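Right, one structure below, let's go through it.
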Amino acid sequence: MKKFSQIVLFMLVVSCCYGQRYYDPEAEPSFFDRTYFGGNFSFQFGDLTVINVSPLMGYMLTPRLSVGPGITYQYLKGEAFDFFGNRYTYDSNIFGYRAFARYNITPMFFAHTEYESLKVDYPTERGELVRGWVPGFFIGGGVFQPVGGRAGLGLSVLLNVLHDDLKSPYNSNLIIRAGITL
C-alpha cells in the first residue's frame, strides 16, 4: 500500500508541474514568443589579436523560417604584408550590419543565408590604406542544440560567395561560427 501511495503522489506532483505551463495550440504566438536574441562572441590573442562581438535579433515568420538584423564589431591588431612585401602593423576597428534568414530543416539542423556589410581598412594596389564598406553574402547551414527553455547553442558553417582576398577581414571564404540564442 505504501508503494501505491508513493506512485499516486508522484503522479499528482508530475501532473501539477506539467499544469504550471499552459499551452494552447490554437492561440496565435505573441511578438515576444516569435522573437529571439543571440549572436557570436569570439576572441584570439597572440601574433594576431581578434575580438568579435556580433549580437542579433531574430523574428520567426513561421515555425521554421526566421529573419532578422544584427550588428558586428571586430577589433584586429597584428602584422601583415603589402603588395611589395613590406611588413606593416595594423590596429583596426571594424563595424557593420547584417541581415539574415534561417530555415529550420529539423529542430536540430538549419539552412542559413546572410548579407553583411563591414566598414574595413584595406590596402590599395598602390600600397595605401583606405577605409570602405566591404560586402559579404554567406550561404550554408548549421546545427542547433537546445539547452533549456528558449536557449540553445549553435554552430554554423558558411561560405562567403562575395569574398575578396584583398578587402575582406576574413582569412578565407569559409566561415565557422559558434553562438548562443536566448
> Of Ile176, Ile105, which residue is surrounded by fewer than 13 Cβ atoms within 10 Å (Cβ to Cβ) and within 20 Å of Pro69 (Cα to Cα)?
Replying inline: Ile176
>> Only one of Phe110, Phe84, Phe138, Phe144 is free of Cβ contacts under 8 Å to residues at least 60 places away in the same chain, of a type in the set (A, V, I, L, M, F, W, C) and open to solvent by 70 Å² or more (accessible area, probe 1.4 Å). Can you tell me which?
In response: Phe84
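Scanning for something assigned to a strand (DSSP E or B), modelled with pLDDT of 90 or more and β-branched (Val, Ile, Thr), does segment 98-116 turn up at least one residue?
Initially, segment 98-116 is screened for residues assigned to a strand (DSSP E or B), giving 98-104, 109-116.
Then drop every residue that is not modelled with pLDDT of 90 or more, which leaves 98-104, 109-116.
Now restrict to residues that are β-branched (Val, Ile, Thr): 113.
So far as segment 98-116 goes, yes, one or more of its residues are assigned to a strand (DSSP E or B), modelled with pLDDT of 90 or more and β-branched (Val, Ile, Thr).
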> Could you count how many residues in segment 28-48 are among the small types (Gly, Ala, Ser), under 26 Å from Leu76 (Cβ atoms) and modelled with pLDDT of 90 or more?
Replying inline: 2
>> Checking the structure you have, find out if any residue of segment 160-172 is open to solvent by 30 Å² or more (accessible area, probe 1.4 Å) and part of a strand (DSSP E or B).
In response: no
>> If I ask for residues that are within 15 Å of Ser54 (Cβ to Cβ) and among the β-branched types (Val, Ile, Thr), which ones from segment 114-143 would you list?
In response: Val120
>> Take the conditions among the hydrophobic types (A, V, I, L, M, F, W, C) and surrounded by 15 or more Cβ atoms within 10 Å (Cβ to Cβ) and apply them to Phe32. Does it pass?
In response: no
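The values are calculated or read from the model by the stated rules, or taken from the named source; none is laboratory data. Model, not experiment: these values are computed from the prediction. All Cβ positions, even for glycine, are placed from backbone atoms using ideal geometry, and neighbour counts span all protein chains on display. Just so you know, the surface numbers come from the protein's heavy atoms only, side chains and all, with ligands and any DNA or RNA stripped out. Shrake-Rupley method; radii C 1.70, N 1.55, O 1.52, S 1.80 Å.
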